[in-house]
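First the structure, in the form of structure tokens, and then the observations on it.
We did not get these values from a lab; they are worked out from the coordinates using the rules stated. From a predicted model like this one, the values you see are computed outputs, not experimental measurements. Heads up, the Cβs are rebuilt from the backbone with ideal geometry, glycines too, and the neighbour counts pull from every protein chain shown.
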Amino acid sequence: MPRPTVLLPVPRPAFRPDSDEGLVTAEIATALPGLALLLGIALASVATVAAHIMCVDAARIGARALARGDSSASAHALASGAAPETADIRLSVDGGYARVSVSAPVRLGSGPRLPFIVRGDAATPLEPRS
């Protein structure tokens, strides 16, 4: 009596050269460093603009205080309250104008310091003393 024929499945190789398996993972792995770099540039840009706005505001506040006759110490204190923590503030009165210059390095939050220094300047005419 002949034996019945049993058909066994043919094993397929785990990886087929014509398959797309794993392609998305490879594409993400290739693009991820670029995305991280793009995010870093965006964060640095936002930090730079924010520091510049703070310096300009601090310079305006200091110049306004000097122009209305406040002491240099008072104007410096007002300007440093609006300036970034490590800002350099310079006050001067000349030619009928109160001038304030505020410069500060750019930082990413409390993290690393970036290689940029932003600056804000303001000049306001002195108010007549009564």
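What is the extension gain from Ala77 to Thr25, computed as 0.36 nm multiplied by their sequence separation minus the C-alpha to C-alpha distance, in nm to one decimal?
Gain in length upon complete extension: 13.2 nm.
Which net charge results for the neighbourhood of Arg68, defined as the other residues with beta-carbon distances under 14 angstrom from its beta-carbon, given Lys and Arg at +1 and Asp and Glu at -1?
Surrounding charge for Arg68 is +1.
What is the spread of the Cα atoms of the range 45-130 along each of their three principal axes, largest first, in whole Å?
Each principal axis gives a Cα extent; for the range 45-130 these are 48, 19, 15 Å.
Cβ neighbours within 10 Å, averaged per peptide: list 104-112, 4-12 in order, most packed at the top.
Sorting 104-112, 4-12 by mean packing, highest first, produces 104-112, 4-12.
Arrange Arg90, Arg3 by Cβ neighbour counts within 10 Å, fewest through most, would you?
With the fewest neighbours first, Arg90, Arg3 line up as Arg3, Arg90.
Of Leu35, Leu7, Val93, whose Cα points farthest to the positive end of the dipole of the chain (charges on the beta-carbon: +1 Lys, Arg; -1 Asp, Glu; origin at the Cα centre)?
Val93
Which far-off residues, 5 or more places away or on another chain, put their amide H under 5 Å from the one on Leu126, with H placed in the peptide plane?
Distant-sequence amide H within range of Leu126: Tyr97, Ala98.
Nearest 500 deg cm²/dmol is fine: what mean residue ellipticity at 222 nm does the chain get from its DSSP H runs of n ≥ 4 alone, each adding -39,500 (n - 2.57), divided by its residue count?
So the helix-based figure for the chain works out to -15500 deg cm²/dmol.
Taking the simple approach of a point 7 Å from Cα along Cα-to-Cβ for both Ile53 and Val93, what is their distance in nm?
3.2
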